[in-house]
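Right, one structure below, let's go through it.
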């Protein structure tokens with residue numbers, strides 16, 4: 001597989017999710033990603049996850065999920081000797097990623113200006129909750145804080161359950177994705193080098209274009225509407241005999257095919273459902289009419305038949321169900337590492353969801369033990385004379 005970042009060295013000082021997810025993507029695209037971790041504790045994610053035994057080994061599930069292929073160097077950046085080692089690494093690096101609260105790196109004497117003096121071509125990516133400047137810059141931020149402040153929770157759930165947290169750390173993940181995009185772009189800049197300021201709050205808002213534009217342009221405040229797609233109808237989640245399915249009959253032609261296939265062509269002539277706007281306005285009644293037929297047969301049958309007709313439909317899976325489905329299990333998206341060091345067992349993780357020249361990006365090495373590569377990396381610097 002083409003590894004477009006195979007000549008790039010990244011120093012990843014980040015913790016938990018946003019920064020490490022950025023490094024995860026860059027590593028799978030070929031970069032050498034060196035995690036610089038505190039010697040005693042390492043990345044906090046080493047202690048997080050659903051398996052207490054792995055947490056005790058400092059190989060928590062949350063760490064394993066996004067650190068495969070990286071190298072771990074244990075350095076205390078409050079120690080003069082270790083700081084000197086870090087600055088030597090900076091001299092050989094292309095990118096530094098950190099997600100400390102603004103001001104932390106400056107207090108360590110390792111802010112962008114200091115590192116740029118060591119390596120003028122350095123790309124420095126700082127990820128924080130609210131950016132490096134502004135009224136909220138000094139606030140601590142976790143994923144749920146950003147979900148709430150960005151408005152995401154206000155539009156998640158329905159009128160009874162909102163505001164509701166999205167079921168995975170979407171703000172951290174989007175922040176890391178935005179950072180990887182920015183770093184990859186800056187690697188093409190001439191001359192190379194610069195400071196990237198990624199705000200998780202801004203990143204989340206920038207991905208909410210459809211929702212926020214209803215307010216910015218149309219003056220309509222976004223609301224929580226559960227499983228209904230407010231842009232069209234019938235478009236949402238429907239009950240069947242055994243499991244819910246999603247149907248997105250967003251085009252008139254798709255609506256007509258759906259009504260005919262379920263034996264309810266009469267709905268096409270009903271004045272409440274004649275136009276898209278009529279169907280949107282009467283979506284609850286329309287869903288009831290459609291479900292009265294869908295509940296007579298199993299989900300898999302409806303999904304297969306509707307997709308064959310050109311009406312988008314999909315079963316609502318649990319996480320174990322979709323991961324075990326052949327469409328995913330046989331796709332190369334899941335990597336298996338036998339007996340990962342420090343973990344004492346085989347692990348499976350998700351690779352980036354893309355293909356290059358027909359191949360899913362992959363890394364050969366499992367997630368590292370804390371400090372596993374310290375001697376190797378520093379010795380290599382000595383041999384190189386860096």
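Candidates 371, 358, 343, 314: the one that is surrounded by 13 or more Cβ atoms within 10 Å (Cβ to Cβ) and at pLDDT below 95 is 343. All of 242, 266 fail the test of being more than 14 Å from residue 312 (Cβ to Cβ), surrounded by fewer than 16 Cβ atoms within 10 Å (Cβ to Cβ) and either within 33 Å of the chain's Cα centre (by Cα) or modelled with pLDDT under 95 (or both), apart from 242. Answer yes or no as to whether residue 351 is within 12 Å of residue 68 (Cα to Cα) and either touching a residue at least 40 places away in the same chain (Cβ under 8 Å) or surrounded by fewer than 18 Cβ atoms within 10 Å (Cβ to Cβ) (or both). Against the criterion (within 12 Å of residue 68 (Cα to Cα) and either touching a residue at least 40 places away in the same chain (Cβ under 8 Å) or surrounded by fewer than 18 Cβ atoms within 10 Å (Cβ to Cβ) (or both)), residue 351 qualifies. The residue that is nearest to residue 361 (Cα to Cα), counting only those in region 308-339 that are in contact with a strand residue (DSSP E or B) (Cβ under 6 Å, 6 or more places away or on another chain) and in contact (Cβ under 8 Å) with a residue 60 or more places away in the chain, is 335. Residues considered: 54, 75. Of these, the only one that is buried (at least 16 other Cβ atoms within 10 Å of the Cβ) and over 25 Å from the mean Cα position of the chain (by Cα) is 75.
Among the residues of region 191-222, the ones that are within 16 Å of residue 166 (Cβ to Cβ) and part of a loop (DSSP other than H, G, I, E, B) come to 3 in all.
Against the condition in contact (Cβ under 8 Å) with a residue 40 or more places away in the chain and surrounded by fewer than 22 Cβ atoms within 10 Å (Cβ to Cβ), how does residue 114 come out, does it pass? Answer is no for this residue. Is at least one residue of region 73-88 under 22 Å from residue 180 (Cα atoms), touching a residue at least 60 places away in the same chain (Cβ under 8 Å) and outside any helix (DSSP H, G or I)? Scanning region 73-88, I find at least one residue that is under 22 Å from residue 180 (Cα atoms), touching a residue at least 60 places away in the same chain (Cβ under 8 Å) and outside any helix (DSSP H, G or I), so the answer is yes. Candidates 137, 171: the one that is in a loop (DSSP other than H, G, I, E, B), closer than 15 Å to residue 199 by Cβ, in the same structural domain as residue 50 (by TED's automatic domain parsing) and within 24 Å of the chain's Cα centre (by Cα) is 137.
Answer with yes or no whether residue 327 is closer than 20 Å to residue 54 by Cβ, within 22 Å of the chain's Cα centre (by Cα) and surrounded by fewer than 18 Cβ atoms within 10 Å (Cβ to Cβ). Judged against the criteria, residue 327 is not a match. All conditions in (1) touching a residue at least 12 places away in the same chain (Cβ under 8 Å); (2) closer than 28 Å to residue 169 by Cα; (3) in a helix (DSSP H, G or I); (4) touching a helix residue (DSSP H, G or I) at 6+ places or on another chain (Cβ under 7 Å) hold for residue 66, with the sole exception of (3). The residues of region 283-293 that are in contact (Cβ under 8 Å) with a residue 40 or more places away in the chain and under 11 Å from residue 267 (Cβ atoms), listed by number, are 286, 290.
Of all the residues in region 197-228, those that are crowded, with 16+ Cβ neighbours inside 10 Å and either without any contact (Cβ under 8 Å) to a residue 12 or more places away in the chain or closer than 22 Å to residue 308 by Cα (or both) number 1.
The values are calculated or read from the model by the stated rules, or taken from the named source; none is laboratory data. Being a predicted model, the structure only gives us computed values, none of them experimental. Methodologically, a virtual Cβ is constructed for each residue, glycine included, from the backbone with ideal geometry; neighbour enumeration extends over all protein chains shown.
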